[in-house]
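Each value in this text was obtained by applying a stated rule to the coordinates, not by laboratory testing. In this text the structure is predicted, and so the values were computed from the model without any measurement. Neighbour counts are summed over all protein chains in view; Cβ atoms, including those assigned to glycine, are modelled from backbone coordinates with ideal geometry.
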Amino acid sequence: MIAQGGSIPATPPLPTPTEAWSYDYPAYFGAGDLRASVFGRDLVVLTKEFDGRVVIGLDAATGAVRFEVDGATAVRAGDGPLYVVGVDAAVGFTVTERAPGDGAVVRTIALAPSLPAFRSTRFALAGTTLLAITDGAVAAYDLTTGALRWRTPLVSASYLFAPVVLADRVIVVNQTTTALRLADGATLWTFAGACCSAVASPDGAHVYVRRDDDVDVELDGRGQVVRALAGHAAAATDAWVAVLGPRGLDVVPHDRAAPIWHAPAAADDGLGAIGTAGPWLTYFDGRDDTLWLQDVVGDQRVALRQAHERLVISPDASGTAPAYIGAPAVWAAPRAYVLDWALHAYEVGDGR
């Protein structure tokens, strides 16, 4: 690993991760469902990405089950109100605000009819606005009143990919990626590239999308190309973007071209599960079967989790599944969550 000086502010000392608890993930949950689940300081809510039937609430400090309620998915902004969304072809979408402690219904929100209620609908929350993305359209509902705020047509199959929700806009991912203004659904820009990825810094100042099989590009607020990256943007902080390319994994500041940190690797070395935990980088390295927590400024790292082979019933009768972590760790201070057959919670601090 190589660290080079740059314009990145100093990071706090790396923590010593300690496992707080683990929860046996239901067999019908997978890596995509981890990305669709909701993580807050007080509560973890497990939901399925599509076709969900039950929502499971876990105490974030202990992993104890607080509630299991019927619902297709759940949405929440930080530690704000928790909403459970149901999908019924006969009655449409149903939304209930739930108590984080026990999942009890606080209130029921009647949504104005707008979209057909498909179980493959993808939902996201932006403040008090519920976004529902279905095949060919996105609708925005006011969760204060249930009224329809706006409805905008989309490229077919956009519901297949998780949108990027920022303070003032939502980026809908597809081969043609579209940025919509949250206030009224107006199209801010479209970008015709390759399918299907968008990564943004938390402050929304830097947006990276797929241009072709080998290159991602950064777009400005008008959808114009700022620069090209040799590889694919995998995760970003407000200071840098992590890029997985032909020569390995690079961490590149938003304001310069040269990387400040580089992990050399070949295509078959198994680098993946790239994410962020506050100011730090997380990634899985198939050469040592470890999910690492990396300080890219100080060039220090600590193991977050060591993956191991598992006994399974396999079609090839090998009896084992290889050691591999495919989903990026999810950070919700003060914990990082890792899916390695079970869901594991690690105490890592606030990143300050």
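Is the shape of region 37-164 rounded, prolate or oblate, going by the alpha carbon gyration tensor and its root eigenvalues a ≥ b ≥ c, with a/c under 1.5 for rounded and a/b larger than b/c for prolate?
It is prolate, given that a/c is not under 1.5 and a/b is the larger ratio.
Where a ≥ b ≥ c are the square roots of the eigenvalues of the C-alpha gyration tensor, would you call region 205-256 rounded, which needs a/c under 1.5, or, failing that, prolate if a/b is larger than b/c, or oblate?
Verdict is oblate for region 205-256.
Tell me the label only: which of (i) 1.41; (ii) 0.99; (iii) 0.95 is Cα Rg over 2.2 N^0.38 Å as calculated from this structure?
(ii)
Filter the trypsin sites (Lys or Arg not before Pro) in region 1-87 to those in DSSP coil with at most 14 other Cβ atoms within 10 Å of their Cβ, and list the result.
Numbers: sites: 35, 41, 48, 53, 66, 76; in loops: 41, 48, 53.
Filter output for region 1-87: 41, 53.
Pick from 72, 167, 277: which is most flexible by mean-square fluctuation in a GNM of the chain where alpha carbon atoms under 10 Å apart are linked?
167
Please work out whether region 244-352 counts as rounded, prolate or oblate from its C-alpha gyration tensor, where a ≥ b ≥ c are the square roots of the eigenvalues and a/c under 1.5 means rounded, while otherwise a/b larger than b/c means prolate and anything else oblate?
In terms of gyration-tensor shape, oblate.
Please identify, among 168, 268, 142, the residue showing maximal mean-square fluctuation in a Gaussian network model of the chain using a 10 angstrom Cα cutoff.
The residue that fluctuates most here is 268.
Only four residue types carry charge here, +1 at the Cβ of Lys and Arg and -1 at the Cβ of Asp and Glu. Report the dipole size of region 25-125 about the Cα centre in Debye, rounded to the nearest 20.
Dipole magnitude for region 25-125 comes out near 180 debye.
Contour minus end-to-end for residue 128 and residue 59, with contour as 0.36 nm per residue of separation and end-to-end as the Cα-Cα distance?
22.4 nm
Hey, what did region 1-153 get for relative contact order, percent, Cα under 8 Å, at least 6 apart?
In percent, rounded to a whole number, it is 13.
Counting helices only, and only those DSSP H runs with n ≥ 4, report the 222 nm mean residue ellipticity of the chain as the sum of -39,500 (n - 2.57) divided by its residues, in deg cm²/dmol to the nearest 500.
Numbers: 1 runs with 6 residues, N = 352.
Rounded to the nearest 500, it is -500 deg cm²/dmol.
Within 10 Å of each candidate Cβ there may be at most 11 other Cβ atoms; applying that plus a DSSP loop requirement, which trypsin sites (Lys or Arg not before Pro) in region 162-232 survive?
222
Rounded to the nearest 20 debye, what is the charge dipole size of region 160-263 about its Cα centre when +1 sits on each Lys and Arg Cβ and -1 on each Asp and Glu Cβ?
The dipole magnitude comes to about 100 debye.
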